[in-house]
Amino acid sequence: MKRPPIKHCRNCGHAVVYRLPDDGDTKERAVCPVCNTVHYENPLNVVGTIPVWGDKVLLCKRNIEPRFGKWTLPAGFMELHETVAEGAARETLEEAGAKFELGEFFSLVNVAKVGQVHLFYRAQLLSEHFEPGFETIEARLFSEEDIPWDEMAFRTVSETLKRYFADRRTGVYSTHVFDIG
Ligand code: ZN
C-alpha cells in the first residue's frame with residue numbers, strides 16, 4: 001500500500017507544499033511555508049519470520065486489512081528502537097502466539113514502489129500450540145503441498161516461501177536478496 005502524502009506540518013499544523021527545500025536538496029519534500037520544517041519520508045521496514053515445525057510452516061490468516069482473510073507469514077512494521085531480529089520475534093509472538101527460537105536471517109525484499117523493505121528470519125517452533133493475537137483469525141501449520149498459494153496476502157511472503165522450500169530441497173539455506181516491482 002502506497003502511503004498517502006503528508007498534508008499538514010507536524011510542527012505547526014499548517015498545510016505543507018511539495019517543493020525543493022532551500023538547502024540544496026535535489027528531491028521535492030513536504031515543506032511547511034510557515035515554520036519552514038522539511039518533512040522527510042523514508043521507507044518502512046516490515047519484519048517477520050518463517051516459523052517451522054517439522055516439515056511444516058506456520059501461516060497466519062489475517063484478521064485486518066489490507067488482505068483480510070488471506071494468509072501470511074507472521075510479519076509487521078518494525079518499531080523504533082528495536083533491531084530487525086527483535087521486531088521479527090515480536091511480530092511472531094504477537095500474531096501467532098508461538099513459542100520459537102529465532103534462526104538465521106533468510107530474505108531481504110525491496111518493494112521500492114511502495115517504499116518498503118521486507119526482512120525475514122527463519123525460526124524453529126518449540127511447540128505446535130499457538131495463541132494468535134487480534135490481528136490473526138487463525139494460525140495453522142502447512143506442508144509445502146498444502147500452502148494456499150492463491151490465497152497469500154503478499155508477494156513478499158510467497159516469494160520468500162518459494163525460496164525457502166527450494167533451499168530446503170537442497171539442504172542448504174542461503175540469504176536471499178531480491179526486488180518486487
Ligand atoms: Zn510548520
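The values are calculated or read from the model by the stated rules, or taken from the named source; none is laboratory data. These numbers were taken from a predicted model, which means no experiment stands behind them. All Cβ positions, even for glycine, are placed from backbone atoms using ideal geometry, and neighbour counts span all protein chains on display.
Things to note:
- Residues satisfying the stated conditions in the stretch 107-138, i.e. within 10 Å of Thr49 (Cα to Cα) and under 13 Å from the mean Cα position of the chain (by Cα): Ser107, Leu119, Phe120, Tyr121
- Asn11, sole failed condition from (1) under 15 Å from the mean Cα position of the chain (by Cα); (2) farther than 16 Å from Pro132 by Cα: (1)
- Strands (runs of 3 or more DSSP E) wholly inside the stretch 1-91 that include at least 2 residues being at pLDDT 95 or above and in the same structural domain as Leu125 (by TED's automatic domain parsing): 44-53, 56-62, 75-77
- Test for Glu104: is it more than 16 Å from the chain's Cα centre (by Cα) and at pLDDT 95 or above: yes
- Residue in the stretch 74-88 that is under 16 Å from Leu161 (Cβ atoms), hydroxyl-bearing (Ser, Thr, Tyr) and more than 16 Å from the ligand (Cβ to nearest atom) present: no
- Residues that are surrounded by 11 or more Cβ atoms within 10 Å (Cβ to Cβ), away from the ligand (no atom under 13 Å from the Cβ) and charged (D, E, K, R), drawn from the stretch 7-28: Arg19, Asp25, Glu28
- Complete set of residues in the stretch 140-177 that are closer than 18 Å to Val52 by Cβ, among the aliphatic types (A, V, I, L, M) and within 17 Å of the chain's Cα centre (by Cα): Met152, Val157, Leu161
- If you go through the stretch 16-43 and keep only what is farther than 26 Å from Phe77 by Cα and charged (D, E, K, R), you end up with Arg19, Asp22, Asp23, Asp25.
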